[in-house]
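A.B. asks: Below is one structure. I have some questions about it.
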Amino acid sequence: MTATVGTQGMLLVAGANGMTVYTFNKDVANSGTSDCTGACITRWPALTIPAGSTPAGGSGVTGTLGTITRADDGSTQVTYNGLPLYFFSGDAAPGDANGIYAGWSAVKP
């Protein structure tokens, strides 16, 4: 779903917990893979859903939701317009957007 997040404006947030989601600029849209592994995935946990589930967009979500199967652990990671989605370990509560760094972007609908 979408929510207004601080001074960042309207961003995509996970419906289950309201946390901001991010994309990684090293990921390639529609490649079916994530470039964030090892220490990266510890700091930037993947937005995952149970295997066999289909992500659904709430109010304000205009892009295409899909999934990939992560090569490192076999989990099902949600994608937005073909790019894998992540949380940031430094975000403590809904409305936080501390994960906007070089190479990382909060997702705008």
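A.B. asks: Below 8 Å, C-alpha to C-alpha, sequence gap of six or more: please give me the relative contact order for the chain in percent.
C.D. replies: Relative contact order of the chain: 38 percent.
A.B. asks: With a probe of 1.4 Å, find how much accessible area region 6-107 has per residue, and write the answer as a whole number in Å². Display every interim value, and only then the final one.
C.D. replies: Values: 5100 Å² over 102 residues.
Per residue, region 6-107 has 50 Å² of solvent-accessible surface.
A.B. asks: Let me ask something else. In whole percent, how big is the carbon plus sulfur part of the accessible area of the chain, probe 1.4 Å, protein atoms only?
C.D. replies: Ligands and nucleic acids excluded, carbon and sulfur reach 53 percent.
A.B. asks: Next question, about the same structure. Taking Cα centroids, how far is region 76-109 from region 27-66 in Å?
C.D. replies: 9 Å
A.B. asks: If you plug each phi of region 64-76 into the Karplus form 6.51 cos²θ - 1.76 cosθ + 1.60 with θ = phi - 60°, what whole-Hz ³J(HN,Hα) values come out, in order, with x for Gly and Pro?
C.D. replies: Whole-Hz 3J(HN,Hα) from phi for region 64-76: 9, 8, x, 9, 10, 9, 5, 6, 6, 9, x, 6, 9.
A.B. asks: Rounded to whole Å and sorted largest first, list the principal axis extents of the Cα atoms in region 40-103.
C.D. replies: 32, 30, 21
The values are calculated or read from the model by the stated rules, or taken from the named source; none is laboratory data. Note that the coordinates shown come from a computational prediction; the quantities given were computed from them, not determined experimentally. For accessibility, only protein heavy atoms count, side chains too; no ligands or nucleic acids. Shrake-Rupley method; radii C 1.70, N 1.55, O 1.52, S 1.80 Å.
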